[in-house]
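**Q** Got a structure for you, written out below as structure tokens; questions coming shortly.
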Amino acid sequence: MTVKFRPSQRLSRLPPYLFAQIDRKRKVAEAKGMDIISLGVGDPDRPTPAPIVSTAQQALRDPRHHQYPFGAGLREFREVIAVWFRSRFGVSLDPEREIFALLGSKEGLGHLPLAVVDPGDIVLVPEPGYPVYQGATVLAGATPYPVPLKESHGFLPDLHAIPSRIVRRAKLLFLNYPNNPTGAVAPLSFFREVVAWAKRHGVLVAHDAAYSELYFNRPPPSFLEVPGAKLLGVEFHSFSKTYNMTGWRVGWVCGNPQILQALARVKDRYDSGVFQALQVAAVAALKAAQGTTHEMRALYQRRRDLFVRGLQRLGWQVCEPQATFYVWSHVPRGYTSARCAEKLLEEVEVVCTPGRGFGPAGEGYVRFALTVEEERLQEAVDRIAHVTW
Ligand SMILES: Cc1ncc(COP(=O)(O)O)c(C=O)c1O
């Protein structure tokens, strides 16, 4: 007898995961032999810096790292993060209580709602936004409420425009600056406003700072720089984009110790910590790879200038990013974001992400990830020039 399988009702409430879909389409096109220029998923094309790799190779040979790592992370891992945090943001963190290792920041962002919200609670999610905030909220049985990021408002949410009946039920606010997909940066004054607002309404804040080091002008601030932020919030950081380590799966969350403890209780049931050899490599990244970070910023700035100017010359209305390796652009008049992305793939074999995939507020835009070399980016611009709209 065959077992009748039906996925859980929880899963049926989840929208399809956008990036997996795009990657499938790209693979199908490549299997057909098409010469795809892939500006879809935001995965750095350059390798992890060699000193990080060789540190990991050495650490792999150490049998102490072959056992379950469990818990918040190696003491050295958390101490180095505390030192880096202090020098980068001027914020003191207690390595014992205020820093926790993650299997990539996505893992922590994804598990957080399970630790802090209940069915019936509302979670405020930025839109357009990284789809994990919404998905994790749904999986925790809570209700996501989209907070629009409007271009006219610098892609910052207008917290005062959220209806009071929603705010009353809101338990958690996700924020993400530098922002994926818009490339916007939030000034410290905005974070001050957030802390005052969250304190007034008793809302917790989870700030996703995965792109904090990929900036073009002034270094973006940490949410935790605001006095009082630690009383109501946490911040997520990642090694993935800063050090080209997306495949390694290592990051951290820092800030409010009670929130961290609650998250740790969830994680105790799902994972057994970050492989220690990876933590040792991450320590090397924070200690020694600052020069590489500088080079990566210069590289993405060159790519951004080439691509943004190129699209602008073709008449595209582009939102020039202040950080990240994304370019958020209006689609040509008369097109939906999905139709625009399809046309670029079908006619000139350029993959981008339709803005609609980041929520309804992303309609009318597409996102290009600048994760190919300059010649390929130039070729993408040249190909796009041949499309008639
Ligand atoms: C806004 C944002 N936050 C978090 C992540 C996840 O990064 P990690 O590799 O640390 O899980 C991503 C990855 O694309 C992202 O775009």
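**Q** Fewest Cβ neighbours within 10 Å first, please rank Val53, Val205 accordingly.
**A** Ranked by crowding around the Cβ, least crowded first: Val53, Val205.
**Q** Also: Treating each Cα of the stretch 178-231 as an identical point scatterer and ignoring solvent, apply the Debye formula and state log10 I(q)/I(0) at q = 0.22 Å⁻¹.
**A** -0.84
**Q** For Leu139, what charge total do you get from the other residues with a beta carbon under 9 Å from its beta carbon, if Lys and Arg give +1 and Asp and Glu give -1?
**A** Within the 9 Å Cβ shell, the charges total +2.
**Q** While we're here: Could you list the trypsin sites (Lys or Arg not before Pro) in the stretch 164-212 that lie in coil according to DSSP, counting only those with at most 15 other Cβ atoms within 10 Å of their Cβ?
**A** Answer in residue order: no site qualifies.
**Q** Within 10 Å of each residue's Cβ, count the other Cβ atoms and sort Tyr365, Tyr177 from fewest upward.
**A** Tyr365, Tyr177
**Q** Quick one: Cα centre-to-centre distance for the stretch 91-163 and the stretch 269-302, in angstrom?
**A** The two parts, judged by their Cα centres, are 23 Å apart.
**Q** Please report the net charge: other residues with Cβ closer than 13 Å to the Cβ of Pro126, K and R +1, D and E -1.
**A** Local net charge: -2.
**Q** How large is the helix-only mean residue ellipticity at 222 nm for the chain, computed as the sum of -39500 (n - 2.57) over DSSP H runs with n ≥ 4, divided by its residue count, in deg cm²/dmol to the nearest 500?
**A** Value at 222 nm, helices only, nearest 500: -13000 deg cm²/dmol.
**Q** With +1 assigned to the C-beta of every Lys and Arg and -1 to the C-beta of every Asp and Glu, and no other charges, what is the dipole magnitude of the stretch 232-389 about the Cα centre in debye, to the nearest 20?
**A** 380
**Q** What do you get when you divide the Cα radius of gyration of the stretch 93-211 by 2.2 N^0.38 Å, with N the number of residues?
**A** The value comes to 1.03.
**Q** For a quick check of your reading of the filter: which trypsin sites (Lys or Arg not before Pro) in the stretch 318-355 sit in a DSSP loop and have no more than 16 other Cβ atoms within 10 Å?
**A** Sparse-neighbourhood loop trypsin sites (Lys or Arg not before Pro): Arg333.
**Q** Mind scanning Lys27/Lys343; Lys171/Lys230; Lys106/Lys241; Lys25/Lys343; Lys150/Lys199 and naming the pairs with a C-alpha gap bigger than 19 Å?
**A** Lys150/Lys199, as the Cα separations exceed 19 Å there.
**Q** If you don't mind, another one. Compute the signed sum of charges (Lys and Arg +1, Asp and Glu -1) over the other residues within less than 15 Å, Cβ to Cβ, of His160.
**A** +4
**Q** Shifting gears a bit: With +1 assigned to the C-beta of every Lys and Arg and -1 to the C-beta of every Asp and Glu, and no other charges, what is the dipole magnitude of the stretch 35-137 about the Cα centre in debye, to the nearest 20?
**A** 440
**Q** If you don't mind, there's one more thing I want to ask. Hey, if you put +1 on the Cβ of every Lys and Arg and -1 on every Asp and Glu Cβ in the stretch 157-290, which of Tyr177, Gln258, Ser212 ends up farthest toward the positive end of that dipole?
**A** In the stretch 157-290, that residue is Gln258.
**Q** Can I ask one more? State the dimensionless ratio Rg/Rh of the chain (Rg: radius of gyration of Cα atoms; Rh: Kirkwood radius).
**A** Across the chain, the Cα-based Rg/Rh ratio is 0.96.
**Q** List the chymotrypsin sites (Phe, Trp or Tyr not before Pro) within the stretch 42-150 that DSSP assigns to loop and that have no more than 15 neighbouring Cβ atoms inside 10 Å.
**A** Those satisfying the criteria are Phe70.
We did not get these values from a lab; they are worked out from the coordinates using the rules stated. Values in this document were obtained by computation on a predicted structure and should not be read as measured data. Note: ideal-geometry Cβ built from the backbone for every residue, glycine included; neighbour counts use all protein chains shown.
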